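Bear in mind that the values in this text are calculations on the coordinates, not laboratory data. What you see is a predicted model, and the numbers here were worked out from it, not measured in a lab. Here the Cβ positions follow ideal geometry from the backbone for every residue, glycine too, while neighbour counts run over all protein chains shown.
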Amino acid sequence: MMKFTNWSRGAAVGTMALLLMAGTPVRAADNPQVAAEIMALARAQWASEIAGEPMAQQNASLADDYTEFNGEFPTLLVGKTMATRMGEVTPNDKAMFSDMQNGRVQVYGDTAILTYNFAGLRRAADGKVNPSLAKSSRVYVKQGGKWMLVHANFAPVAAGH
């Protein structure tokens, strides 16, 4: 018969507990304070764009290793530097209005996922105002005590759909 020491019994119990936790599904925490902070970051970015502030200000909440999918480019955009440089190119249109509809934030410790329907208006170079619609998700991670945007996916929606 095998004899266990207190240390080996403790290690065995700890190992079994870890194995049981690994199989436990992770559930999002309902944290209204974090949800409000995260939604405010997205809205602040839109307000900065509408106000015509410099791209560095508009992208203040982007992490250095930020990545993005959007409807205008067929590939993954990588890095805050790239996002900022691309945004500095004078657009043919200007954001006039931005709104978050059906916003939802799921919090997993130091990670928060914001999903929402984006409804905006943009003024084209010819003065015509067009809708800007998207199904959007943003992933934020707390870095150095601040929520930073590490990934976004902006899937355009055709008007009327």
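Observations
- Beta-bridge orientation, region 31-156: approximately 90 percent antiparallel, per DSSP, counting only bridges with both partners inside.
- Karplus-based coupling profile of region 75-87, in residue order and whole Hz: 10, 5, 8, 10, x, 4, 4, 5, 4, 5, 4, 5, x, with θ = phi - 60° in 6.51 cos²θ - 1.76 cosθ + 1.60 and x standing for Gly or Pro.
- A DSSP coil position with no more than 15 other Cβ atoms inside 10 Å describes the following GluC sites (Glu not before Pro) in region 41-99: GLU72, GLU88.
- Whole-Hz couplings from phi, Karplus 6.51/-1.76/1.60, listed for region 57-72; x for Gly and Pro: 6, 4, 9, 4, 8, 7, 6, 4, 9, 3, 10, 8, 10, 8, x, 8
- For region 31-156, alpha-carbon Rg and Dmax in angstrom: 14.2, 46
- Relative contact order, whole percent, for region 31-156 stands at 25, derived from Cα pairs under 8 Å and 6 or more residues apart.
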